[in-house]
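**Q** This is the structure, below, for whatever I ask next.
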Amino acid sequence: MAIILSIETATTNCSVSLSKNGETFALKEDYKDGFSHAEKLHVFIEDILVENDIKKTDIDAIAVSKGPGSYTGLRIGVSAAKGLCFALNIPLISVSTLESLAHQVHAKRGLIVPMLDARRMEVYSEIFDFNHVSMRGIEAEILEESSYEEFLKNDLVHFIGSGVGKTKSLLSSDNAIFIEDKLPSADQMSALAYAKYQISDTEDVAYFEPYYLKDFVALKPKSK
């Protein structure tokens, strides 16, 4: 039996789950618009353990959403995960944020495109088939009216994530299905993390870094 604590902080959803052999049995999250990870993440972790009578020493591994996503959000989640792994001497498992998001869609045909909002008309996205097998890797792409045209001509395309709003404003195909108001959640991380745990696909706790996709850039004030 494997109990895994999963942490998802790549977007505004501060989300924590507990799973047993890949099945989520407890979930605690804050789906509000603003970032609250610094204030709530550690509280959520403590609460979910107490509420389910799980001791930290009962946990077999920590899973963390590795990105892409918010620079600050990812750092907070990864720092918390690393701290727990060091303290408990248990493995760290990383889960792709977009792959986890894609698993919220249960389709019988077509493609699934999880996408996270970036600046202006840009999104971080990946393309999966309806069995959640990646068909195109993660990209930072600028959306245009012709985006996904080649796929929309042939079949359904399910769009999900915080980038759906700007995508919906550009695409008018009948084959485009927009799943709105959904963010990555620790719930879908459970099965993905357990699959990695079973084959010891873990990270080096000391050196693991989130996948930001783009380097963080601190803007300098304009000179007068």
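**Q** So which of Phe86, Phe130 is in the same structural domain as Glu46 (by TED's automatic domain parsing) and either at pLDDT 95 or above or in contact with a Phe, Trp or Tyr (Cβ under 8 Å, 6 or more places away or on another chain) (or both)?
**A** Details: Phe130 fails: in the same structural domain as Glu46 (by TED's automatic domain parsing).
Residue meeting the stated conditions: Phe86.
**Q** What do you reckon, is Gly67 under 16 Å from Leu92 (Cβ atoms), of a type in the set (Gly, Ala, Ser) and outside any helix (DSSP H, G or I)?
**A** For Gly67, the condition - under 16 Å from Leu92 (Cβ atoms), of a type in the set (Gly, Ala, Ser) and outside any helix (DSSP H, G or I) - is met.
**Q** Continuing with this model, one more query. Take the residues in segment 103-118 that are more than 18 Å from the chain's Cα centre (by Cα) and assigned to a loop (DSSP other than H, G, I, E, B), then tell me which one is surrounded by the fewest Cβ atoms within 10 Å (Cβ to Cβ).
**A** Among those that are more than 18 Å from the chain's Cα centre (by Cα) and assigned to a loop (DSSP other than H, G, I, E, B), it is Lys108.
**Q** Determine whether Leu98 is touching a residue at least 24 places away in the same chain (Cβ under 8 Å), under 12 Å from Pro184 (Cα atoms) and part of a helix (DSSP H, G or I).
**A** The answer is yes for Leu98.
**Q** Then there's this: Any residue at all in segment 210-222 that's at pLDDT 95 or above and aromatic (Phe, Trp, Tyr)?
**A** no
**Q** Search segment 29-41 for residues that are closer than 15 Å to Ser6 by Cβ and pair each with any residue that is of a type in the set (Ser, Thr, Tyr) and in a strand (DSSP E or B) when their beta-carbon atoms are under 6 Å apart and the residues are at least 6 apart or on different chains.
**A** Hits for this filter: Glu29/Ser15.
**Q** Starting from segment 203-224, keep only residues that are of a type in the set (Val, Ile, Thr), then list their pairs with residues that are at pLDDT 50 or above and in a loop (DSSP other than H, G, I, E, B) whose Cβ atoms are within a distance under 9 Å, requiring at least 6 positions of separation or different chains.
**A** Val205/Pro91
**Q** Hey, does segment 158-169 have a residue that's of a type in the set (A, V, I, L, M) and either assigned to a loop (DSSP other than H, G, I, E, B) or at pLDDT below 95 (or both)?
**A** No.
**Q** Being over 22 Å from Gly67 (Cα atoms) and either among the small types (Gly, Ala, Ser) or in a loop (DSSP other than H, G, I, E, B) (or both) is the filter here; which residues of segment 1-49 pass it?
**A** Met1, Ala2, Asn21, Ala26
The values are calculated or read from the model by the stated rules, or taken from the named source; none is laboratory data. What you see is a predicted model, and the numbers here were worked out from it, not measured in a lab. Positions of Cβ are generated from backbone atoms using ideal geometry, with glycine treated the same way; all protein chains shown enter the neighbour counts.
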